[in-house]
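The values are calculated or read from the model by the stated rules, or taken from the named source; none is laboratory data. Just so it is clear, the structure is predicted and the values come from calculations on it, not from any experiment. Here the Cβ is made from the backbone with ideal geometry for all residues, glycine too, and neighbour counts use every protein chain on show. Surface accessibility is based on the protein's heavy atoms, side chains included, excluding ligands, DNA and RNA. Shrake-Rupley method; radii C 1.70, N 1.55, O 1.52, S 1.80 Å.
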Amino acid sequence: MAARLLVLGSTGRIGRFLRRAWAEPPEGLVPVWHGRDASADLQWNMLAAPYPGGAARVVLGLAGVTDRTRRLEDNVALGLAGCRAAEAAGAAHVFLLSSGAIYGSARSEDLREEDEPAPDTAYGAAKLRMEQAALDWSRTAGTGLTILRLGNVAGADALLGPKRPPGQAIVLDPVPGGRGPVRTYIGPQSLAAVLARLARLADAGVALPSILNLGAPPPVDMADLLEAAGLDWRWGPPRPGVIPRVGLALDRLAALCPLPPDAGAPDRLVDEWRALA
């Protein structure tokens with residue numbers, strides 16, 4: 001029997017990608033889409049009311065605040081609401097979306113799950129507080145928990161995602177001694193495949209780590225990504241605060257969800273984005 005997978009926050013950019021990728025439900029899973037509008041299977045204001053009910057085997061918490069003009073602290077409440085929903089639904093496991101921003105940026109090596117978090121942005125600090133609150137909850141809950149520290153998703157990021165007026169070039173910061181900033185990315189189709197596999201593993205009772213980096217190797221130069229996309233762009237002036245490289249170590253993920261060798265290649269990232277745009 002297929003397992004019910006409750007997807008919280010399905011109306012954001014990543015949720016919309018998943019809904020397109022899973023228009024035909026993944027094998028063994030029945031997605032239940034949550035949101036606050038009529039397109040959702042489950043309408044629920046996560047910050048104003050308790051979970052309204054409905055069983056689920058696995059919960060995927062995508063809901064979060066990224067816009068600094070809104071209350072970043074709501075990330076903590078949204079994460080805990082997802083945990084409590086999983087508990088009320090009788091779920092075996094809950095996955096909560098976090099961010100590689102919790103590691104901070106002043107490191108040259110790939111960032112591993114066991115590295116000490118050192119966020120240097122308000123968003124990263126809020127996501128770290130969400131992680132800590134959820135991990136505290138999990139110590140007494142009967143529901144498994146995995147924090148997913150996501151890199152950039154092609155098409156849901158600040159580089160490729162925004163719609164720009166015709167003729168307005170994207171301005172990319174140059175990196176001293178190199179080309180553009182290097183970041184860990186994953187394409188939305190690969191992300192959907194990884195999340196479906198993780199949900200099936202959780203439903204099958206496979207022991208999963210409490211923290212898992214999420215992306216596709218290797219980290220990619222943003223200039224190469226823009227060129228692969230054929231977008232209009234130019235170099236900006238040198239900027240002292242540019243962060244040359246933020247890469248996530250993905251060995252732990254690869255052991256659970258192997259990806260094709262070219263999953264992080266610029267051409268594939270762009271193809272996956274446009275396939276679901």
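A few comments on the model shown:
- Residue-span extension gain [Asp136 to Leu47] - 0.36 nm each, minus C-alpha spacing: 30.1 nm
- Relative to the current alpha-carbon distance between Ala122 and Ala204, full extension at 0.36 nm per residue lengthens the span by 25.8 nm.
- Take the Cα of Asp37, step 7 Å toward its Cβ, do the same at Arg70, and the gap between the two points is 1.3 nm.
- Probe 1.4 Å, accessible area per residue of the chain, Å²: 46 Å²
- Base-10 log of normalised Debye intensity for the chain (one unit scatterer per alpha-carbon) at q = 0.09, 0.10 Å⁻¹: -0.41, -0.50
- Net lengthening on full extension, Asp267/Met1 (0.36 nm per residue, minus Cα-Cα): 92.0 nm
- The range 66-119: C-alpha gyration tensor shape, a/c 1.5 cut-off, then a/b vs b/c: oblate
- Calculated P(r) tail over 19 Å for the range 73-188, as whole % of Cα pairs: 58 percent
- Ligands, DNA and RNA left out, the accessible area of the range 1-56 computed with a 1.4 Å probe is 51% carbon and sulfur.
- Estimated distance in nm for a label pair at Arg112 and Asp251, the labels positioned 7 Å out from Cα along Cα-to-Cβ: 0.5 nm
- Carbon plus sulfur fraction of accessible area for the range 140-277, probe 1.4 Å, in percent: 56 percent
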